[in-house]
1. Kindly list, by first and then second residue, each pair from a residue in the range 287-308 that is under 18 Å from GLN345 (Cβ atoms) and free of Cβ contacts under 8 Å to residues at least 60 places away in the same chain to a residue that is among the aliphatic types (A, V, I, L, M) and open to solvent by 70 Å² or more (accessible area, probe 1.4 Å), limited to pairs with Cβ atoms under 7 Å and residues at least 6 apart or on different chains.
2. Test of understanding: among PHE317, PHE321, which residue is at pLDDT below 95 and not in a loop (DSSP other than H, G, I, E, B)?
3. Does the range 324-344 hold any residues that are at pLDDT below 85 and either in contact with a strand residue (DSSP E or B) (Cβ under 8 Å, 6 or more places away or on another chain) or among the acidic types (Asp, Glu) (or both), and which are they?
4. With the condition kept exactly as written, say whether any residue in the range 61-71 is part of a loop (DSSP other than H, G, I, E, B), over 30 Å from HIS26 (Cβ atoms) and polar (S, T, N, Q).
5. Which residues, counting only those in the range 115-172, are open to solvent by less than 60 Å² (accessible area, probe 1.4 Å) and of a type in the set (Lys, Arg)?
6. Scanning for something within 25 Å of ILE314 (Cα to Cα) and modelled with pLDDT of 55 or more, does the range 201-210 turn up at least one residue?
7. Within the range 265-273, identify whether any single residue is open to solvent by less than 80 Å² (accessible area, probe 1.4 Å), charged (D, E, K, R) and more than 28 Å from the chain's Cα centre (by Cα), and answer yes or no.
8. From LEU68, LEU39, LEU79, grab the single residue that is over 20 Å from SER140 (Cα atoms) and open to solvent by 60 Å² or more (accessible area, probe 1.4 Å).
Amino acid sequence: MDSSALDPGYATIYHQCARFAEQQYHAISKSPDSLRWKLYVDRKAQQIDNLKSQITKTQYGSKEYAILTQDQKTAEKLLKQDTELVDQHNRAINAFLDQAIDMYSRCLEATDDFDDDGAIRLCSLWFANFENPAIQQKISVALNRTPSRKLVFLAHQLSARMTKTSETAVPKHQVNLQSLIVRMCKEHPFHSLYQVYCLKADHAGVQTNRRRSTRHESSPRDRAAAAISIFDQLRGDNSVGRIVGDVERVSDACLEWAKHPIKQIYGNRAQKVKPPYPIPETMAIRNLKSVKVPVITADTPLDPTLKYADCVWIMRFEPSFSTAGGVNLPKITMCIGNDGVKYKQLVCGDVGFIRR
């Protein structure tokens, strides 16, 4: 559906329906009836197990046996009723959840007027039910409908949930997630590739300071494996393969330079030499010239046309650097864009720095 052909009033209706469905979803989810019914089901199930155990130890045909058997039938009848209430409750939750997800995605497709809260609310519902099998098909349709540029700001949170397992069949929730990330990297590579690239550092043995903030975040090794798989897939794509290669080359060079210890440049004289300091010619960053990658510290707005034709591209890096001080002595490097402007960049690594 072409969003430009939609009446703006449609988007408003979609948003109102989504908000109503979301409110109903939260109200039912937090209802005390939900906890009570679940407690009843658990208790009745435990009671039935206990009765079955007692019946096996009771003489068949005895009065006690008849009483226990009747109690079991009564408990099973009540369990069935309570289970039906729980199932009805869950169906209501899933119905409003499906409706909210569907309406938010239609709203985001139709207009930009509700981007401030629409994308956040959609992803909040998704993340809260990330592995719920009942909504995976609805999530797939909703994500495919939503323009990827409206979810780019969540690239870090999305990539943190990636994982690659040894299982033959990839879980549906991971298919949805990784399909979205691949689409973001294809359509907005300069806003999405770096977040995925950072995960590859885990595979290379670089220690990161990120902590797992939710139970849905995967281990560093699994995230790295998923990131490598996505990069392998993107490199073979004719539409974005060259861009991916250029971004990797720039990222590799910057990472190498960030990790390079200053002490290796000047030995014991590192703190006595006055800036600016020359960057060793062996550093790959010295050879980055006229690369079709935007200067990272320049402003590169999201391009709805997906063309990214008017970016400030990297021309070269100055052959010298200075330090910002502090414990790790991060390096200040100047990147010169094709507009002739010098852009300051601060790089630092986790290892190899001289300490004051």
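1. These pairs meet every condition: LYS289/MET315; SER290/MET315.
2. PHE321
3. Answer for the range 324-344, where residues must be at pLDDT below 85 and either in contact with a strand residue (DSSP E or B) (Cβ under 8 Å, 6 or more places away or on another chain) or among the acidic types (Asp, Glu) (or both): ALA324, LEU329.
4. Yes: one or more hits.
5. Residues satisfying the conditions are ARG145, LYS150, ARG161.
6. Yes, some residue in the range 201-210 is within 25 Å of ILE314 (Cα to Cα) and modelled with pLDDT of 55 or more.
7. Scanning the range 265-273 turns up no residue that is open to solvent by less than 80 Å² (accessible area, probe 1.4 Å), charged (D, E, K, R) and more than 28 Å from the chain's Cα centre (by Cα).
8. LEU39
The values are calculated or read from the model by the stated rules, or taken from the named source; none is laboratory data. Predicted, not measured: the structure shown is a model, and the values here were computed from it. Cβ: placed from backbone, ideal geometry, glycine included. Neighbour counts: every protein chain shown. Note: accessible area is taken over every heavy atom of the protein model, side chains too, but ligands, DNA and RNA are not part of it. Shrake-Rupley method; radii C 1.70, N 1.55, O 1.52, S 1.80 Å.
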